[in-house]
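Enquirer: Sharing a structure below in structure tokens format, with a few things to ask.
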Amino acid sequence: AARYESALRERNLATVRATGRGYYAQQQVSDVLAYLRLIRNRYDDYALLTVLASPLVGVSNDGLWHVRRAAVKRPIFTAFEKDEPAAGLSPTDHRLSLAFSQRFARLVKRSGEVSLERLCELVVAEHDYDLACLAMADGDRRYANLRKLARLAAEFEAVRGPDLEGFIRFCDEQATL
């Protein structure tokens, strides 16, 4: 599939992967899945760092270090459970961290009230990730991948119910095919 996709893209034809490792390895797909993992378990350090470093939030590498340092020997999210995310953050990283914390709290609250499809859409909308993706090279394709993930969530929920953990596990399994 990668060869065909490459050949089509060389001819300026848009492509969208539907399944397989390539689809789930796309940055925008892995970013939203990391966010869903974080909603499921806020103490998943890998998911938190992925989300913070991604275009969803955009914290700098120095900012990530300060956030990690603020939560020594504890899950990193504990730094966000304080009034201030971390000492030593640049003004930009401080603003980004506070905005993330507020948006994350809203999304966690909504996660029990909305469908999996809607939750994916809310993650994207809350962080203006759709605009960030559209502004990148291949923006239409990146945005189409986000829409595909939301459709996959709806299809999963129609068959297996509103099981966030199950959907994440399903995506992980699909990524290994």
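The values are calculated or read from the model by the stated rules, or taken from the named source; none is laboratory data. Because the structure is a prediction, the values reported are computed rather than measured. When we count neighbours, we look across all protein chains shown, and the Cβ atoms used for this are built from the backbone with ideal geometry, even at glycine. All accessible areas refer to the heavy atoms of the entire protein, side chains included, with ligands and DNA or RNA removed. Shrake-Rupley method; radii C 1.70, N 1.55, O 1.52, S 1.80 Å.
Enquirer: Of all accessible surface on the chain at a 1.4 Å probe, what whole percent is carbon and sulfur? It would help to have the intermediate numbers written out before the result.
Expert: Details: 4870 of 9660 Å².
Summing carbon and sulfur atoms, their accessible area is 50 percent of the total for the chain.
Enquirer: Here's another thing I want to ask about it. Given (1) 1.07; (2) 1.83; (3) 1.19 as candidate values of Cα Rg over 2.2 N^0.38 Å, which corresponds to the one derived from the coordinates?
Expert: Working out Cα Rg over 2.2 N^0.38 Å from the coordinates points to (1).
Enquirer: OK, next. In whole angstrom, how long is each semi-axis of the equivalent ellipsoid of the stretch 63-124, when you take the square root of 5 times every eigenvalue of its Cα gyration tensor and sort them from largest down? Show your work: numbers first, answer last.
Expert: Details: eigenvalues 131, 33, 16 Å².
Over the Cα atoms of the stretch 63-124, the semi-axes work out to 26, 13, 9 Å.
Enquirer: State, as an integer percentage, the relative contact order of the chain based on alpha-carbon contacts under 8 Å between residues 6 or more apart.
Expert: Numbers: 185 pairs, mean separation 48.7, N = 177.
Relative contact order, the chain: 27 percent.
Enquirer: Same structure, new question: If you take all C-alpha pairs in the stretch 1-62, what percent of them are over 14 Å apart? Please list the in-between numbers first.
Expert: Numbers: 1195 of 1891 pairs.
Value for the stretch 1-62: 63 percent of Cα pairs lie more than 14 Å apart.
Enquirer: Which aspartates and glutamates, on any chain, are close to LYS109 with Cα under 17 Å apart, when same-chain ones fewer than 8 places away are left out?
Expert: Answer for LYS109, where 17 Å is the Cα cut-off: GLU81, GLU117, GLU121, GLU126, ASP163, GLU165, listed by chain and number.
Enquirer: Still on this model: Tell me the accessible surface of THR78 in square angstrom (1.4 angstrom probe, heavy atoms of protein chains only), to the nearest ten.
Expert: Here the residue's solvent-accessible area equals roughly 20 Å².
Enquirer: To continue, here is another question. Which residue, ASP45, ASP31, ASP138, tops the fluctuation ranking in a GNM of the chain built on C-alpha contacts under 10 Å?
Expert: Among ASP45, ASP31, ASP138, the largest GNM mean-square fluctuation belongs to ASP138.
Enquirer: Separate question: Any chance you could check the Cα centroid distance between the stretch 105-134 and the stretch 47-79 for me, in angstrom?
Expert: Measuring centre to centre over Cα atoms gives 20 Å.
Enquirer: The stretch 124-177: D in µm²/s via Stokes-Einstein (Kirkwood Rh, Cα pairs, 20 °C, 1.002 mPa s)?
Expert: Working: Rh = 12.3 Å.
Here the translational diffusion coefficient equals 174 µm²/s.
Enquirer: By how many nm would the segment from SER6 to ARG147 grow when fully extended, if each residue of separation counts as 0.36 nm and the alpha-carbon distance is taken off?
Expert: 48.6 nm
Enquirer: Next up: Mean residue ellipticity at 222 nm from the helices of the chain, using -39,500 (n - 2.57) per DSSP H segment of n ≥ 4 over the full residue count, to the nearest 500 deg cm²/dmol? Mind showing how you got there, number by number?
Expert: Working: 10 runs with 120 residues, N = 177.
One gets -21000 deg cm²/dmol as the mean residue ellipticity at 222 nm.
Enquirer: If you don't mind, another one. With every protein chain kept in the model, how would you rank LYS82, LYS109, LYS73 by accessible area, 1.4 Å probe, largest at the top? Write down the numbers at each step before the final one.
Expert: Numbers: LYS82 100, LYS109 145, LYS73 190 Å².
From most exposed to least exposed: LYS73, LYS109, LYS82.
Enquirer: Report the charge-dipole magnitude of the chain in Debye, nearest 20, computed about the Cα centre from +1 at each Lys and Arg Cβ and -1 at each Asp and Glu Cβ.
Expert: Values: 26 positive and 24 negative charges, 39 e Å.
With only Lys, Arg, Asp and Glu charged at Cβ, the dipole is about 180 debye.
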